[in-house]
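Since every read-out is calculated from the coordinates, none of them should be taken as a lab result. Note that the structure is predicted; figures quoted are calculated from it, not measured. For neighbour counting, all protein chains shown are included, and Cβ atoms are generated from backbone atoms with ideal geometry for every residue, glycine included.
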Amino acid sequence: MAAAQGVRGCLLRGPLRARLGRGCSSGAPVRQQQQQALVAAPAPAQELPSTRRKGFLTEHAAPFSAFLTDNFGRQHNYLRISLTEKCNLRCQYCMPEEGVQLTPKSELLTTQEIITLARLFVKEGVDKIRLTGGEPLIRPDVVDIVAQLYKLEGLQTIAVTTNGINLARLLPRLKEAGLDAINISLDTLVPAKFEFIVRRKGFHKVMEGINKAVELGYNPVKVNCVVMRGLNEDELLDFVALTKNQPLDVRFIEYMPFDGNKWNFKKMVSYKEMLDTVRQRWPDLEKLPCEASSTAKAYKVPDFQGQISFITSMSEHFCGSCNRLRITADGNLKVCLFGNSEVSLRDHLRSGASEDKLVQIIGEAVGRKKKQHAGMFNISQMKNRPMILIGG
């Protein structure tokens, strides 16, 4: 932390990047080449001795903030903000069957607190914000939040991850407010199985939301599919087929352990197993290039309009290039999805902490980020929030 403070004087507080025209995109910033030059991800994480950290930051950080750069040289330019703990579905891998104890409304971040924190992170170098939940689209002022985020100088991408139930109705207004990218959760193409997985009806509303996103020009529309053995791994090829005539990026996600989801290693279908299944049907499947900080391994069937991706959190972690931070709906900063260490930004905000003090607190938390998560089997034994209370 001292090293970070020592070099702060030679760093710019935020990107001096004017926001150019913003089109609908997958979440890749509009000025992708410029961003890659400014916020180039470092090589896989290696501990930087304190004597070297100052030199590393001086050489690599400008105009990026030292306070969002950890002890392994990872620059965190991507912030995920949970808008609510509530959800209109009860997905098996996300929420315990009995539900969760929700935080009292008074202890959740207000809209102004969300924007205040977002502005602070953007000044320090964050250029992508994703709104999550719970289900973010059930928050009554979600359109207004997007509109206020759009005004932040230097923020290049505003994205949302949604279950799609309310998407078709809200998307025209969200697009007008400035929403750039959409991820839609869909774990099955069978309506009856959908109800079993999410413990609610709504399959046709989700499909309507996907179609509305395509209609409004989002390209690609990302579809998140958590693959669970004995439940939906038999639908892999059907999901891939969806990409033939539509600009979709179907993202197959390895089943991950969180409190209450009864994770079992035997239920997890690994990336390599999924890839083998797809290649048996499409042997000419092509691997696509991706950004160093990407969590997805991307592939494309030749001549298909869309593509597929694999999120390999369990079998092949991507901790070494992680550029993500998370703020929970109750205002806690999590520097790792699988870590149980949190710091309350809400409490500091409400106690009147100055902007400099908040930045220092954030920087100290980022500085404590570990080289990688605990590993596939140890994670399942760790105490952590249910996914719905984290925000993904």
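Some points to look at:
- Residue order, fewest to most surrounding Cβ atoms within 10 angstrom, among SER309, SER344: SER344, SER309
- Cβ-derived FRET efficiency at R0 35 Å, CYS290 paired with SER354, nearest 0.05: 0.35
- Cross-link table LYS272/LYS334; LYS287/LYS371; LYS123/LYS334; LYS193/LYS272; LYS151/LYS175; LYS128/LYS175, entries beyond 22 Å C-alpha to C-alpha: LYS272/LYS334; LYS287/LYS371; LYS193/LYS272
- Counting 0.36 nm for each residue step from ASN245 to ASN88 and taking away their Cα separation leaves a gain of 53.5 nm.
- Counting only residues at least eight positions apart within a chain, or on another chain, the aspartates and glutamates with an alpha carbon under 13 Å from that of LYS222 are ASP180, ASP187, ASP249.
- Ranked packing of 355-361, 208-214, 323-329, most packed first, by mean Cβ within 10 Å: 323-329, 208-214, 355-361
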